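The values are calculated or read from the model by the stated rules, or taken from the named source; none is laboratory data. Because the structure is a prediction, the values reported are computed rather than measured. Heads up, the Cβs are rebuilt from the backbone with ideal geometry, glycines too, and the neighbour counts pull from every protein chain shown. Each accessible area value is taken on the protein alone, full model and side chains, heavy atoms only, with ligands, DNA and RNA left out. Shrake-Rupley method; radii C 1.70, N 1.55, O 1.52, S 1.80 Å.
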Amino acid sequence: MNRLKSLFLAVILCALSFFQSYAGDIKTSNDLLNEIASSSNKQVVIVNFYASWCSPCREEIKDLIKVHEQFSANDLRIIAVNLDDEASTMQAFNKKAGINYETWHDFQGNISSFFNFQSIPFNIVYSKAGKAIYAKPGAIPLQRLTDLIEYGLTK
């Protein structure tokens, strides 16, 4: 009976994460790489690693929301990877912050360990040709973010 309750709870949590915060669970680093590859030759892709407890991340989210509104879905895709321990923490934070772009929960730490960064926020920007044009820790100021997107659209 406990297994049945656990399974039911897992199904409910998965449904909530999809419908309430547009979040998915990342099981392997290949999942994210496949998402990036699927956008190749189409859009600039920003992969943003963040957590609700990270002050610079919270500030950067405001700028990510702005550029997501500024550029069309044909030109820009933002994939944010949340590093909070609990999906419920991520969901509550995303709702409060007004995140308007795709978020995934790296519940096992597979992606963060694959990219091997030491601090967050950490951002990777891919040109529409699928080439990484930026990969650094720290928040990207709004003007720099806009410049990177515009540059990525030409390469």
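Can you sort SER113, SER38 by solvent-accessible area, 1.4 Å probe, largest first?
Result, largest first: SER113, SER38.
Suppose R0 equals 25 Å; then what is the FRET efficiency for ILE36 and PHE117 from their Cβ-Cβ distance, rounded to the nearest 0.05?
0.95
Under a 5 Å amide H to amide H cut-off, with H placed in plane at 1.01 Å, what residues pair with ILE133 once short-range neighbours are removed?
Residues meeting the criterion, in which the H sits 1.01 Å from N, are VAL125, TYR126, SER127.
Translational diffusion coefficient of region 37-100 at 25 °C, 0.890 mPa s, Stokes-Einstein with Kirkwood Rh over Cα pairs, in µm²/s as a whole number.
Using the Kirkwood radius from Cα pairs, D works out to 196 µm²/s.
Take the eigenvalues of the Cα gyration tensor for region 64-155, scale each by 5, and report the square roots as semi-axes in whole Å, largest first.
Result for region 64-155: semi-axes of 23, 17, 11 Å.
Could you work out how much longer the chain between THR154 and LYS136 gets when fully extended? Use 0.36 nm per residue separation minus the Cα distance between them, nm to one decimal.
Gain on stretching THR154 to LYS136: 4.4 nm.
Stretch GLU86-ALA129 to full length: gain in nm at 0.36 nm per residue minus the Cα-Cα span?
12.1 nm
Under 5 Å between amide H atoms, partner at least 5 residues away or on a different chain: which partners does GLU102 have, H built in plane at 1.01 Å?
It is ILE78, ALA80, by chain and number.
Going by Cα centres, region 33-53 and region 133-155 are how many Å apart?
13
Which FRET efficiency, nearest 0.05, do ASP147 and LYS95 yield, Cβ-Cβ r, R0 35 Å?
Computed FRET efficiency for ASP147 and LYS95: 0.70.
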